[in-house]
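Visitor: Below: one structure in structure tokens.
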Amino acid sequence: MDEYPLIENHGLIGDLQTAALVTTDGTVDWFCCPRFDSPSVFGALLDKDDGGHCTVRPAHATYATKQLYLPDTAILVTRFMTEAGAGEVVDFMPVTGTTVTPRHRLVRMVRCVRGSMTFAIDIAPRFDYGRKPHELHVTEHGAVFVSEGTNLTVHAVREPDDERLLNSLTVDKDLHLTLSLQAGQQRGLVLDSAADGPPQEIRLAEFQQIFDDAIRYWRSWLSKSRYAGRWREAVERSAITLKLMTYAPTGAVVAAPTTGLPEQLGGERNWDYRFTWIRDASFSVYALLGMGFTEEAQAFIGWLGERIKERAGGDGGSGPLNIMYAVDGSSDLKEETLDHWEGYEGSAPVRIGNGAATQIQLDIYGEALDSIYFAHRHGIHPGHRQWTELHAVLDWLADHWDQAGEGLWETRGGREHFTYGRVMSWVAFDRALRLAEATGRPATAERWSGVRDTIYEQVMARGWNDSRGAFIQHYGGDVLDSSLLRMPTVGFITPEDPMWASTLDAMEQELVTDSLVYRYNPEASPDGLRGSEGTFSLCTFMYVDALARAGRTDQARLVLEKMLGYTNHLGLYSEEIALTGRQLGNFPQAFTHLALIDAAITLDTALNRR
């Protein structure tokens, strides 16, 4: 690997406990095992020389490549065309289920579909982010890479009477193979993280069965979708992507399956997103239930309930909830840097863990209560114990809502009284009151109602800036912030209110550039970090939602269509978009895809009503 592929030149595969990225030229350059936040086995995405990779591509010097998903599945097909023939590499991971397991299989089917083709296969793992050495043992049926505490077994796919289609060569403990196929022939390999025994020869019939089972799983799952609107292809691809980022044993959704992909090339805004944010995952309940995926929403609500149960009464001023957790619910996310890696296109440092985990962000209580209330309206009801724990959370928030924090965007420039945090604290009490009334559960209703109204009056007095004619990022400032696009979504203000119309106009003038939306202006509101960033894709979809709610449906539709033009060739989005149109930040980002689903549903409803 002599250069870094574009971030958008990747597809995502996974088994609901971990995931891998595959480039358009057939390289797996990111794969962590046994779960999303485990150390990497292949990490060339963050260090092309020392990160490790698994590549399957034509040995021919010149070829063209195309990539697609098998329709209605998470099975990725990378196609290669040469003058001598055409071939395909079909990548997927058999779904592991809800039981935690160390065994994860990465399947790479290799086909020749026209003429003839010789494939070059390189398998070069680098365990524990390249920090642990390994030994290589080659056998008749495959190979085993052995490292401290970790093995990676390579099973060969072939028939017993095959002619010698496969030739191998080991160099520096890596495996280099060539595979020559004629039209109609199919072979391949399976990378197994916890094989039961030595490498096995996998027959083609068994290989085909694994493939057919994967197709059946994904199409059966997607058939539960109730979305039949105008943007069905984009919405369903987003749903599959969110499913791929779900840790099935707990129901937790990671923000992204990657770490360290930069928000600015060469800059320091490189974060680890392989964890579950209360905020992001709570938003996913809206998207999943909006499409009819009740099981996934219920699993997350259960995971959230466990986190609330752990510290329902609060822990001093830090609150009952952390802003993020590991997928198993643990909260030790100590941040460190991988100084031996150069980072994507030299974007250092490469971080693992996330120091923002200890920040105070009071908006998470509103997002959590909003998702629980929304789930209740869709038949997922809180039990007695969960209600008791929620009651304790609300009582804590009633004592602590009026304090400064780091805010939704996890700034590292000091705490402020962020308007969005106040709005979502209002949401927490509003939804708790609604839930208590709907279920007849006991509540300190008079106190909660009083706090809710106090927050509302405070936001209207201190969160509004007369000179800007808009709601602003934090009290005492004049900076705009696109997080406030959610104000009408959560019902804090009506979309027709003149104050909201004025805010929307101000954002359009300052934060919107050719339909793409910035989070805020870091020059006007320093966030404690050097450099700048691109437009935030989540915010663009939130803008679509806000425009649709405000009755600006033609404008909303144009913004959505433009934004869909920035997707990669597979319908995937990273976190941000650069001025050049390149995708930036961790990839793919769950927040962006769930916002796409929400925007499409809201705009469909508005257009149908019109």
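The values are calculated or read from the model by the stated rules, or taken from the named source; none is laboratory data. What you are looking at is a predicted structure, and each value in this text was computed from that prediction instead of being measured. Cβ atoms come from the backbone with ideal geometry, glycine included; neighbour counts cover every protein chain shown. Note: areas computed on protein heavy atoms with side chains; ligands, DNA, RNA excluded. Shrake-Rupley method; radii C 1.70, N 1.55, O 1.52, S 1.80 Å.
Visitor: Please work out which one of (1) surrounded by 15 or more Cβ atoms within 10 Å (Cβ to Cβ); (2) touching a residue at least 12 places away in the same chain (Cβ under 8 Å); (3) under 28 Å from Glu416 (Cα atoms) is the condition Glu336 fails and give its number.
Guide: (1) is the only condition that Glu336 fails.
Residue-by-condition table, conditions (1) more than 27 Å from Gln67 (Cβ to Cβ); (2) at pLDDT 95 or above; (3) among the charged types (D, E, K, R):
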{"position": "Pro498", "(1), (2), (3)": "yes, yes, no"}
{"position": "Asp505", "(1), (2), (3)": "yes, yes, yes"}
{"position": "Val517", "(1), (2), (3)": "yes, yes, no"}
{"position": "Gly528", "(1), (2), (3)": "yes, no, no"}
{"position": "Leu538", "(1), (2), (3)": "no, yes, no"}
{"position": "Tyr543", "(1), (2), (3)": "yes, yes, no"}
{"position": "Leu594", "(1), (2), (3)": "no, yes, no"}
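Visitor: A further question follows. Tell me whether the stretch 111-134 contains one or more residues that are within 30 Å of Glu233 (Cβ to Cβ) and not charged (D, E, K, R).
Guide: yes
Visitor: Would you check which residues across the stretch 36-54 are touching an Asp or Glu at 6+ places or on another chain (Cβ under 6 Å) and surrounded by fewer than 23 Cβ atoms within 10 Å (Cβ to Cβ) and list them?
Guide: Pro39
Visitor: Still on this structure, please answer the following. For the stretch 1-35, give me the residue count where each residue is open to solvent by 10 Å² or more (accessible area, probe 1.4 Å), among the aliphatic types (A, V, I, L, M) and in contact with an Asp or Glu (Cβ under 9 Å, 6 or more places away or on another chain).
Guide: Adding up the residues that qualify gives 1.
Visitor: Then there's this: What strands (runs of 3 or more DSSP E), lying completely within the stretch 132-249, carry at least 1 residues that are more than 27 Å from Val41 (Cβ to Cβ)?
Guide: Of the strands (runs of 3 or more DSSP E) lying wholly inside the stretch 132-249, those with at least 1 residues that are more than 27 Å from Val41 (Cβ to Cβ) span 174-182.
Visitor: Kindly evaluate Met487 against the criterion of being in contact with a strand residue (DSSP E or B) (Cβ under 8 Å, 6 or more places away or on another chain) and crowded, with 22+ Cβ neighbours inside 10 Å.
Guide: When the stated conditions are applied, Met487 passes them.
Visitor: Taking the criterion of being in a helix (DSSP H, G or I) and hydroxyl-bearing (Ser, Thr, Tyr), would at least one residue in the stretch 347-356 satisfy it?
Guide: Looking for residues that are in a helix (DSSP H, G or I) and hydroxyl-bearing (Ser, Thr, Tyr), one finds none in the stretch 347-356, hence no.
Visitor: If you go through the stretch 272-281 one residue at a time, how many are modelled with pLDDT of 90 or more and either part of a helix (DSSP H, G or I) or touching a Leu at 6+ places or on another chain (Cβ under 9 Å) (or both)?
Guide: Residues that pass the stated criteria total 5.
Visitor: If you scan the stretch 190-209, which residues turn out to be at pLDDT 95 or above and under 28 Å from the mean Cα position of the chain (by Cα)?
Guide: The answer is Val190, Leu191, Asp192, Ser193.
Visitor: Looking at Gly355, is it over 22 Å from Met424 (Cβ atoms), open to solvent by 10 Å² or more (accessible area, probe 1.4 Å), small (Gly, Ala, Ser) and at pLDDT 90 or above?
Guide: The answer is no for Gly355.
Visitor: What number of residues within the stretch 83-95 satisfy the criterion of being open to solvent by 10 Å² or more (accessible area, probe 1.4 Å) and modelled with pLDDT of 95 or more?
Guide: Number of matching residues: 3.
Visitor: For Asp72, all conditions in the list (1) in contact with a helix residue (DSSP H, G or I) (Cβ under 7 Å, 6 or more places away or on another chain); (2) farther than 30 Å from Gly353 by Cα; (3) crowded, with 19+ Cβ neighbours inside 10 Å; (4) not small (Gly, Ala, Ser) hold save one; what is the number of the exception?
Guide: (3)
Visitor: Give me the pairs: first residue in the stretch 570-596 and at positive phi, second residue among the polar types (S, T, N, Q), beta-carbon distance under 6 Å, and six or more apart or on different chains, which are they?
Guide: Gly585/Ser574
Visitor: Which condition does Ile123 not pass, out of (1) crowded, with 18+ Cβ neighbours inside 10 Å; (2) farther than 15 Å from Ser193 by Cβ, if it passes all the others?
Guide: Of (1) crowded, with 18+ Cβ neighbours inside 10 Å; (2) farther than 15 Å from Ser193 by Cβ, only one is false for Ile123: (2).
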